[in-house]
Amino acid sequence: GENVGLHLPTLSVQEGDNSIINCAYSNSASDYFIWYKQESGKGPQFIIDIRSNMDKRQGQRVTVLLNKTVKHLSLQIAATQPGDSAVYFCAENTHDTDKLIFGTGTRLQVFP
Amino acid sequence: DAGVIQSPRHEVTEMGQEVTLRCKPISGHNSLFWYRQTMMRGLELLIYFNNNVPIDDSGMPEDRFSAKMPNASFSTLKIQPSEPRDSAVYFCASSTPATSNQPQHFGDGTRLSIL
(Lines give C-alpha, C1' and ligand atoms only; values in the text may rest on other atoms or scores of the structure.)
Protein backbone atom coordinates (compact mmCIF):
# COMPACT_ATOMS: atom_id res chain seq x y z
CA GLY A 1 0.00 0.00 0.00
CA GLU A 2 0.94 3.64 -0.22
CA ASN A 3 0.28 4.71 3.36
CA VAL A 4 3.81 3.98 4.48
CA GLY A 5 4.90 7.50 5.11
CA LEU A 6 6.55 9.10 8.09
CA HIS A 7 3.24 10.30 9.49
CA LEU A 8 1.66 6.88 9.92
CA PRO A 9 1.41 5.87 13.60
CA THR A 10 3.12 2.56 14.27
CA LEU A 11 2.37 -0.14 16.80
CA SER A 12 5.12 -2.66 17.47
CA VAL A 13 4.21 -5.87 19.27
CA GLN A 14 5.91 -9.15 20.01
CA GLU A 15 4.61 -12.27 18.37
CA GLY A 16 2.04 -13.91 20.60
CA ASP A 17 1.03 -10.73 22.38
CA ASN A 18 -2.34 -9.05 21.94
CA SER A 19 -2.59 -5.91 19.79
CA ILE A 20 -4.98 -3.02 20.19
CA ILE A 21 -5.39 -0.52 17.38
CA ASN A 22 -7.45 2.57 18.04
CA CYS A 23 -9.47 4.89 15.86
CA ALA A 24 -11.36 8.08 16.61
CA TYR A 25 -14.19 8.77 14.20
CA SER A 26 -15.65 12.12 13.38
CA ASN A 27 -19.33 11.84 12.55
CA SER A 28 -21.77 11.19 15.39
CA ALA A 29 -24.33 10.15 12.77
CA SER A 30 -22.15 7.28 11.53
CA ASP A 31 -23.88 3.98 12.11
CA TYR A 32 -21.63 1.44 10.43
CA PHE A 33 -17.93 0.87 10.97
CA ILE A 34 -15.38 -1.34 9.27
CA TRP A 35 -11.80 -2.38 9.88
CA TYR A 36 -9.56 -3.06 6.90
CA LYS A 37 -6.09 -4.59 6.69
CA GLN A 38 -3.74 -3.55 3.92
CA GLU A 39 -0.60 -5.51 3.17
CA SER A 40 2.14 -4.15 0.98
CA GLY A 41 1.22 -4.25 -2.69
CA LYS A 42 -2.38 -5.21 -2.03
CA GLY A 43 -5.73 -3.53 -1.64
CA PRO A 44 -7.48 -3.02 1.71
CA GLN A 45 -8.94 -6.29 2.89
CA PHE A 46 -12.14 -6.43 4.96
CA ILE A 47 -11.55 -7.78 8.49
CA ILE A 48 -14.64 -7.11 10.57
CA ASP A 49 -17.51 -4.67 10.81
CA ILE A 50 -19.91 -3.45 13.47
CA ARG A 51 -23.20 -1.57 13.46
CA SER A 52 -23.97 1.23 15.87
CA ASN A 53 -26.56 -0.82 17.72
CA MET A 54 -23.73 -2.98 19.05
CA ASP A 55 -20.72 -2.18 21.21
CA LYS A 56 -18.71 -5.35 20.64
CA ARG A 57 -18.31 -7.92 17.93
CA GLN A 58 -15.95 -10.85 17.74
CA GLY A 59 -14.41 -12.67 14.84
CA GLN A 60 -11.61 -15.14 14.52
CA ARG A 61 -8.82 -13.73 16.73
CA VAL A 62 -10.23 -10.22 16.28
CA THR A 63 -12.63 -8.15 18.34
CA VAL A 64 -14.01 -4.73 17.50
CA LEU A 65 -15.21 -2.42 20.26
CA LEU A 66 -17.36 0.63 19.65
CA ASN A 67 -17.81 3.47 22.12
CA LYS A 68 -20.33 5.88 20.64
CA THR A 69 -20.15 8.23 23.61
CA VAL A 70 -16.59 9.23 22.81
CA LYS A 71 -16.70 8.23 19.13
CA HIS A 72 -13.99 5.65 19.49
CA LEU A 73 -13.42 2.37 17.72
CA SER A 74 -10.79 -0.24 18.50
CA LEU A 75 -9.54 -3.44 16.94
CA GLN A 76 -8.09 -6.10 19.18
CA ILE A 77 -6.01 -8.89 17.68
CA ALA A 78 -5.35 -11.85 19.93
CA ALA A 79 -2.05 -13.77 19.79
CA THR A 80 -0.59 -11.53 17.13
CA GLN A 81 1.27 -13.32 14.36
CA PRO A 82 3.87 -12.15 11.81
CA GLY A 83 1.18 -12.39 9.13
CA ASP A 84 -0.75 -9.69 10.95
CA SER A 85 1.89 -7.11 10.03
CA ALA A 86 0.14 -4.56 7.83
CA VAL A 87 -1.50 -1.15 7.86
CA TYR A 88 -4.93 -1.14 9.48
CA PHE A 89 -7.65 1.34 8.57
CA CYS A 90 -10.94 2.10 10.23
CA ALA A 91 -13.81 3.39 8.10
CA GLU A 92 -17.18 4.89 8.97
CA ASN A 93 -20.42 5.22 7.05
CA THR A 94 -23.95 6.48 7.49
CA HIS A 95 -26.92 4.53 6.16
CA ASP A 96 -27.98 7.28 3.76
CA THR A 97 -24.77 7.28 1.74
CA ASP A 98 -22.49 4.76 0.07
CA LYS A 99 -19.38 6.77 0.89
CA LEU A 100 -16.88 5.44 3.42
CA ILE A 101 -14.74 7.84 5.42
CA PHE A 102 -11.34 6.27 6.06
CA GLY A 103 -8.97 6.97 8.92
CA THR A 104 -5.31 7.63 8.24
CA GLY A 105 -4.22 4.13 9.19
CA THR A 106 -1.96 2.49 11.77
CA ARG A 107 1.02 0.33 10.89
CA LEU A 108 1.30 -2.87 12.93
CA GLN A 109 4.75 -4.41 13.15
CA VAL A 110 5.12 -7.85 14.70
CA PHE A 111 8.57 -8.92 15.81
CA PRO A 112 9.67 -12.37 16.99
CA ASP B 1 -15.17 -16.58 -5.61
CA ALA B 2 -13.48 -13.97 -7.77
CA GLY B 3 -12.88 -10.68 -6.07
CA VAL B 4 -12.63 -7.25 -7.67
CA ILE B 5 -10.30 -7.50 -10.66
CA GLN B 6 -8.22 -4.56 -11.79
CA SER B 7 -5.93 -4.18 -14.78
CA PRO B 8 -3.21 -3.44 -15.41
CA ARG B 9 -1.43 -4.04 -12.10
CA HIS B 10 1.33 -1.66 -13.07
CA GLU B 11 1.47 1.14 -15.62
CA VAL B 12 4.43 3.31 -16.46
CA THR B 13 4.00 5.97 -19.09
CA GLU B 14 5.23 9.39 -20.10
CA MET B 15 3.41 12.54 -19.19
CA GLY B 16 0.88 13.65 -21.73
CA GLN B 17 -0.17 10.12 -22.59
CA GLU B 18 -3.67 8.79 -22.06
CA VAL B 19 -4.03 6.22 -19.30
CA THR B 20 -6.98 3.83 -18.94
CA LEU B 21 -7.49 1.78 -15.81
CA ARG B 22 -9.98 -1.06 -15.78
CA CYS B 23 -12.13 -2.70 -13.14
CA LYS B 24 -14.41 -5.70 -12.96
CA PRO B 25 -16.55 -5.61 -9.79
CA ILE B 26 -17.73 -8.63 -7.86
CA SER B 27 -20.72 -10.20 -9.58
CA GLY B 28 -23.96 -9.04 -7.99
CA HIS B 29 -22.49 -5.89 -6.51
CA ASN B 30 -24.21 -2.78 -7.83
CA SER B 31 -22.03 -0.09 -6.27
CA LEU B 32 -18.56 0.61 -7.65
CA PHE B 33 -15.96 2.99 -6.27
CA TRP B 34 -12.69 4.41 -7.59
CA TYR B 35 -10.07 5.49 -5.05
CA ARG B 36 -6.58 6.94 -5.25
CA GLN B 37 -3.94 6.27 -2.60
CA THR B 38 -0.78 8.31 -2.07
CA MET B 39 1.65 8.76 0.79
CA MET B 40 0.70 12.38 1.19
CA ARG B 41 -3.10 12.18 0.98
CA GLY B 42 -3.92 8.62 1.96
CA LEU B 43 -6.97 6.95 0.46
CA GLU B 44 -9.23 9.35 -1.47
CA LEU B 45 -12.58 8.55 -3.06
CA LEU B 46 -12.66 9.82 -6.64
CA ILE B 47 -16.08 8.74 -7.87
CA TYR B 48 -18.71 6.09 -7.28
CA PHE B 49 -21.51 4.50 -9.25
CA ASN B 50 -24.79 2.87 -8.26
CA ASN B 51 -26.41 0.65 -10.87
CA ASN B 52 -23.94 1.96 -13.46
CA VAL B 53 -24.91 5.60 -12.83
CA PRO B 54 -22.34 8.06 -11.45
CA ILE B 55 -23.61 9.31 -8.10
CA ASP B 56 -20.80 11.43 -6.71
CA ASP B 57 -17.78 12.60 -8.69
CA SER B 58 -16.78 15.38 -6.31
CA GLY B 59 -13.46 13.66 -5.64
CA MET B 60 -12.34 13.68 -9.27
CA PRO B 61 -9.39 16.07 -9.20
CA GLU B 62 -9.65 17.66 -12.61
CA ASP B 63 -11.33 17.47 -15.99
CA ARG B 64 -8.43 15.33 -17.08
CA PHE B 65 -10.03 12.50 -15.11
CA SER B 66 -13.12 10.70 -16.34
CA ALA B 67 -14.85 7.46 -15.38
CA LYS B 68 -17.43 5.30 -17.08
CA MET B 69 -19.44 2.24 -16.24
CA PRO B 70 -21.01 0.96 -19.45
CA ASN B 71 -22.41 -2.16 -17.77
CA ALA B 72 -22.65 -3.87 -14.41
CA SER B 73 -19.44 -5.82 -14.88
CA PHE B 74 -17.00 -3.21 -16.13
CA SER B 75 -15.73 0.26 -15.34
CA THR B 76 -12.89 2.44 -16.58
CA LEU B 77 -11.01 5.37 -15.13
CA LYS B 78 -9.25 7.48 -17.73
CA ILE B 79 -6.65 10.20 -17.36
CA GLN B 80 -5.97 12.35 -20.40
CA PRO B 81 -3.46 13.92 -20.52
CA SER B 82 -1.57 12.34 -17.66
CA GLU B 83 0.83 14.30 -15.43
CA PRO B 84 3.56 13.19 -12.99
CA ARG B 85 1.41 14.24 -10.02
CA ASP B 86 -1.14 11.60 -11.04
CA SER B 87 1.33 8.92 -9.96
CA ALA B 88 -0.41 6.85 -7.27
CA VAL B 89 -2.07 3.53 -6.64
CA TYR B 90 -5.63 3.48 -7.95
CA PHE B 91 -8.10 1.11 -6.34
CA CYS B 92 -11.49 -0.06 -7.43
CA ALA B 93 -13.98 -1.40 -4.88
CA SER B 94 -17.49 -2.78 -5.09
CA SER B 95 -20.33 -3.45 -2.69
CA THR B 96 -24.03 -3.97 -2.35
CA PRO B 97 -26.03 -0.83 -1.44
CA ALA B 98 -25.06 1.07 1.70
CA THR B 99 -28.55 0.70 3.05
CA SER B 100 -27.72 -2.90 3.68
CA ASN B 101 -24.56 -1.99 5.63
CA GLN B 102 -22.23 -4.18 3.62
CA PRO B 103 -18.49 -3.56 3.32
CA GLN B 104 -16.73 -2.47 0.19
CA HIS B 105 -14.40 -5.05 -1.29
CA PHE B 106 -11.22 -3.79 -2.91
CA GLY B 107 -9.13 -4.96 -5.81
CA ASP B 108 -5.34 -5.05 -5.57
CA GLY B 109 -4.97 -1.76 -7.40
CA THR B 110 -3.11 -0.33 -10.35
CA ARG B 111 0.23 1.26 -9.52
CA LEU B 112 0.55 4.18 -11.93
CA SER B 113 3.81 5.99 -12.58
CA ILE B 114 3.85 9.01 -14.86
CA LEU B 115 7.34 10.00 -15.93
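The values are calculated or read from the model by the stated rules, or taken from the named source; none is laboratory data. Treat the numbers as computed from the prediction; the structure is a model and nothing was measured. As a convention, Cβ positions derive from the backbone with ideal geometry for all residues, glycine included, and neighbour counts pool all protein chains shown.
Return only the number of the condition from (1) assigned to a loop (DSSP other than H, G, I, E, B); (2) at pLDDT 95 or above; (3) within 26 Å of A:V87 (Cα to Cα) that B:G16 does not satisfy.
With respect to (1) assigned to a loop (DSSP other than H, G, I, E, B); (2) at pLDDT 95 or above; (3) within 26 Å of A:V87 (Cα to Cα), B:G16 is out only on (3).
With respect to A:K37, is the statement that it is within 12 Å of chain B (Cβ to nearest Cβ), basic (K, R) and either over 25 Å from B:T38 (Cα atoms) or assigned to a loop (DSSP other than H, G, I, E, B) (or both) true?
Spelling it out, it is not the case that A:K37 is within 12 Å of chain B (Cβ to nearest Cβ), basic (K, R) and either over 25 Å from B:T38 (Cα atoms) or assigned to a loop (DSSP other than H, G, I, E, B) (or both).
Can you find, within region B:91-109, the residue that is surrounded by the fewest Cβ atoms within 10 Å (Cβ to Cβ) among those that are facing chain A (nearest Cβ under 10 Å) and part of a strand (DSSP E or B)?
Here the answer is B:H105.
In region B:9-24, how many are surrounded by fewer than 18 Cβ atoms within 10 Å (Cβ to Cβ), within 14 Å of chain A (Cβ to nearest Cβ) and in contact with a strand residue (DSSP E or B) (Cβ under 6 Å, 6 or more places away or on another chain)?
Result for region B:9-24: 1.
Any chance region B:25-48 includes a residue that's in a strand (DSSP E or B), over 24 Å from A:T104 (Cα atoms) and touching a strand residue (DSSP E or B) at 6+ places or on another chain (Cβ under 6 Å)? Explain how you work it out, then say what you get.
As a first pass, look at region B:25-48 and keep what is in a strand (DSSP E or B): B:31-38, B:42-48.
Still in the running and over 24 Å from A:T104 (Cα atoms): none.
No, because not a single residue in region B:25-48 is in a strand (DSSP E or B), over 24 Å from A:T104 (Cα atoms) and touching a strand residue (DSSP E or B) at 6+ places or on another chain (Cβ under 6 Å).
For B:N71, work out the one condition from (1) surrounded by 15 or more Cβ atoms within 10 Å (Cβ to Cβ); (2) under 18 Å from B:G107 (Cβ atoms) it doesn't fulfil.
(1)
Of all residues in region B:79-90, how many are within 11 Å of chain A (Cβ to nearest Cβ), crowded, with 21+ Cβ neighbours inside 10 Å and hydroxyl-bearing (S, T, Y)?
1
Farther than 23 Å from B:H105 by Cβ and not basic (K, R): is that true of A:S28 in this structure?
Here the answer is yes, as A:S28 does meet what is asked.
Sort out which residues of region A:3-36 are touching a Pro at 6+ places or on another chain (Cβ under 7 Å) and within 24 Å of B:F91 (Cβ to Cβ), and write them in order of number.
A:I34, A:Y36, listed by residue number.
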